[in-house]
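Below is one structure; the comments refer to it alone.
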Amino acid sequence: MADLKERLLPPKPASALNVREAANRPSASGRQAFQGVDVLGLKKRGQGLRSWIRVDTAGNSQAIEVDKFTMMRRCDLPARDLRLLDPLFVYPSTILGREKAIVVNLEQIRCIITADEVLLLNSLDSYVLHYVMELQRRLTTTGVGEVWQSDSSDMNRRRGSRNFENVFSNSSPDYLPFEFRALEVALEAACTFLDSQAAELEIEAYPLLDELTSKISTLNLERVRRLKSRLVALTRRVQKVRDEIEQLMDDDGDMAEMYLTEKKRRMELSFYGDQSMVGYKSIDGASISAPVSPVSSPPDSRKLEKSFSIARSRHESMRSSESTTESIEELEMLLEAYFVVIDSTLNKLTSLKEYIDDTEDFINIQLDNVRNQLIQFELLLTTATFVVAIFGVVAGVFGMNFEIALFNVPSAFQWVLIITGVCGAFIFSAFVWFFKYRRLMPL
């Protein structure tokens, strides 16, 4: 990993070192030069140069510095597509198929895939370095089996359009073009990253939720709140990747647009086909560069040439449609495999969210039960207060300033207490029976 970092980091140019040394060196008058502005660095910042990691079809990687406009001309991309790869902005996951490139923005992997190379923003992120190493490993592993493919394609190109079956012969069904292999590594890195984050969230969530159900406290509730916010953010990212893959699978035109090697091969075959037709006409004695008199050219030769061109165009369209269908099937199978992976990750997060919702419902039920118990206790306490208030009423009545014969009876006080207590107990029992009858209290 350290060797790869040293190899991919752009070296400091010698001109910059010479400029800095000359700036720090005192002049002839003994004064030191002005040190306020680094002119070279300002020029580079004005040009908008950025460091990119370039990986070619052979698995070789190098660090290059390219500005935005050069990259736009190199990959034939608009500025809004390059803006998706800007690390200063946060954009959702996106996979865009263009005429000559595929723009991939999947989590930490932000790259441009063409038919000949992969361009990534140079970063010290471990996932970017792992992506480069994995892509190099796969390219070097599969590069041995592609020698026969390249030799056969070169031979077919030399033959031109004289043998249409050899020119338009398809490669083996197990062969994936370069852009699909780079896209597969990017999808695998993104799905693995999201799945690992989901697994870490699961490991942290389930013990915390079990602890919350056993002990409801402010600290545990705050931890669950933070956990749920992380879960919502991760679910949104996984859902975006899933929707992007599903959208590509539903649109055959976008999938056909992403087959860059096939489009490049068609352009080369059309070029070699035109060259072979020029050679065929020159052999017959008619020069393509010299003007041909309409009188000297017989009408049968024109008809033959026209019918031959129509047959060739029909054959090319039929072959291109067949190859497009096969390429769509290959890409659809590739996307479907990672759609299953990201869908399983989304199912994990959905199950975890449902478990959190169930825990919240259980906690709410527990809190409602405690609240009901407090209300019942308050009801009993209010009833007991009412019964005690009866003694206060009796004491207030007998405390009036008047004379009755009952005051002279020695056992009158005991009888007043007994009768008042019995009446209070009867009233309290009546209230309790009424509460149970109306199901305001448990039986």
Task: Inter-label distance, nm, simple model (7 Å from Cα along the C-beta direction), V393/V416 - done: 1.6 nm
- [ ] Provide L88, L379 ordered by accessible surface of protein heavy atoms (probe 1.4 Å), highest first.
- [x] L88, L379
- [ ] Quantify, in whole percent, the carbon and sulfur part of the accessible surface of region 51-96 (1.4 Å probe; protein heavy atoms only).
- [x] 55 percent
- [ ] May I ask which of K68/K263; K240/K264; K68/K240; K228/K348; K240/K263 have a Cα-Cα span longer than 22 Å here?
- [x] K68/K263; K240/K264; K68/K240; K240/K263
Task: Estimated distance in nm for a label pair at D195 and S123, the labels positioned 7 Å out from Cα along Cα-to-Cβ - done: 2.1 nm
TODO: Pull out the extension gain between K68 and I427, defined as 0.36 nm times the separation in residues minus the alpha carbon to alpha carbon distance; nm, one decimal.
DONE: 120.3 nm
Task: region 356-443: GluC sites (Glu not before Pro) in DSSP loop, at most 14 other beta carbons within 10 Å - done: E403
Task: Full-stretch length increase - M267, D361 - with 0.36 nm per residue and alpha-carbon distance subtracted - done: 27.6 nm
Task: Filtered trypsin sites (Lys or Arg not before Pro), region 182-264: DSSP coil and at most 14 other beta carbons within 10 Å - done: K215
Open item on the list: Can you give me the % of accessible surface on region 352-441 that is carbon or sulfur? Probe 1.4 Å, all protein chains present, nothing else counted.
Closed with: 70 percent
Open item on the list: If I ignore ligands, DNA and RNA and count only protein heavy atoms, how much of T192 is accessible to a 1.4 Å probe, in Å² to the nearest 10?
Closed with: 80 Å²
Task: Net lengthening on full extension, R137/Q373 (0.36 nm per residue, minus Cα-Cα) - done: 78.3 nm
- [ ] Calculate the dipole size of region 171-255 relative to its Cα centre from +1 charges on Lys and Arg beta carbons and -1 charges on Asp and Glu beta carbons; express the result in debye to the nearest 20.
- [x] 860 debye
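The values are calculated or read from the model by the stated rules, or taken from the named source; none is laboratory data. From a predicted model like this one, the values you see are computed outputs, not experimental measurements. Methodologically, a virtual Cβ is constructed for each residue, glycine included, from the backbone with ideal geometry; neighbour enumeration extends over all protein chains shown. SASA here: full protein model, heavy atoms, side chains in, ligands and nucleic acids out. Shrake-Rupley method; radii C 1.70, N 1.55, O 1.52, S 1.80 Å.
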